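A.B. asks: Let me give you the structure first, and then I'll get to my questions.
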Amino acid sequence: MFSPKKFIQELDRETVQKYGPPIALGLAVLIILIYFSIGGKPDAKYSRVEGEREQGSTVSFKNFQKDQYDENGTLLWKLKAEEAYLYSDKKMYVLYGVDFDQYEKGKFKSKLIGDKGVINQSAKSMELEGNIFLKTEENRTLKARSLHYNDETKELTSNEEVIINASGTHIRGVGLKADKDLNKFTIIRPTAITQGGANPLSSTDK
């Protein structure tokens, strides 16, 4: 019988170094990679998913959960996923039910949730889809159907409809370019901008 725990223990240092990407700032790949490099918490329990939604994975987990701390014991991030699949040959991870919290100096920085996430180590990117919600510590929020994150540029992009709430302004439109904290963002084709109850894009006086 396949044993995920045994598989993890048998991973040698060279394999871990080969597949360990420099993905940062709290998008879920770090959590899984660090889990595989340090073996996870001793009391953590992981088991193969029954009735898998993804086929051909090297290993899969259900009710995956991982917390990460720095060398001083300060919390960096927390990840939960209903299901997690590793494809070591493709350097790819698939997560279902993603719930990710990022911290900075032990303080909450942002929360990201979504139905599904596909992480590509080679491209240093993540694709999210389905009921995506991002909230920052400044209470800026983003809702999207799909979202792409590039770890090298730290940029969020989308070609579908998005909704952003920032500093009292509600913006809806199609297409997005933004930094990961929503400090700077551009909606390519805005369809509604509401500020103080008014929509400046509307040509109708109210």
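Taken together, the values in this text are just the output of simple stated rules run on the coordinates, not laboratory data. Source: prediction; values computed, not measured. Reconstructed Cβ throughout: ideal geometry from the backbone, glycine too, with neighbour counts over all protein chains shown.
A.B. asks: Given a cut-off of 30 Å, name the pairs among Lys80/Lys105; Lys90/Lys184; Lys62/Lys184 whose C-alpha atoms lie farther apart than that in the structure shown.
C.D. replies: Lys90/Lys184; Lys62/Lys184
A.B. asks: May I pose another question? What does the convex hull of the Cα atoms of the range 52-161 come to per residue, in Å³, rounded to a whole number?
C.D. replies: 122 Å³
A.B. asks: Could you work out the local net charge near Gly117, counting Lys and Arg as +1, Asp and Glu as -1, over the other residues with Cβ closer than 10 Å to its Cβ?
C.D. replies: Around Gly117, the charge tally is -2.
A.B. asks: Starting from the Cα of Val174, step 7 Å along the direction of its Cβ; do the same at Ser122; then give the gap between the two resulting points in nm.
C.D. replies: 3.2 nm
A.B. asks: What distance in nm lies between label points placed 7 Å from Cα along the C-beta direction at Asn63 and Lys107?
C.D. replies: With each label point 7 Å from Cα toward Cβ, the separation is 3.5 nm.
A.B. asks: Roughly how many nanometres apart are two label points built 7 Å out from the Cα toward the Cβ at Glu138 and Ser167?
C.D. replies: 0.7 nm
A.B. asks: Ok, one more. Compute the label zone of Thr186 within the range 150-175: residues whose backbone N is under 18 Å from the point 7 Å along Cα-to-Cβ.
C.D. replies: The answer is 150, 153-164, 171-175, whose backbone nitrogens lie closer than 18 Å to the label point.
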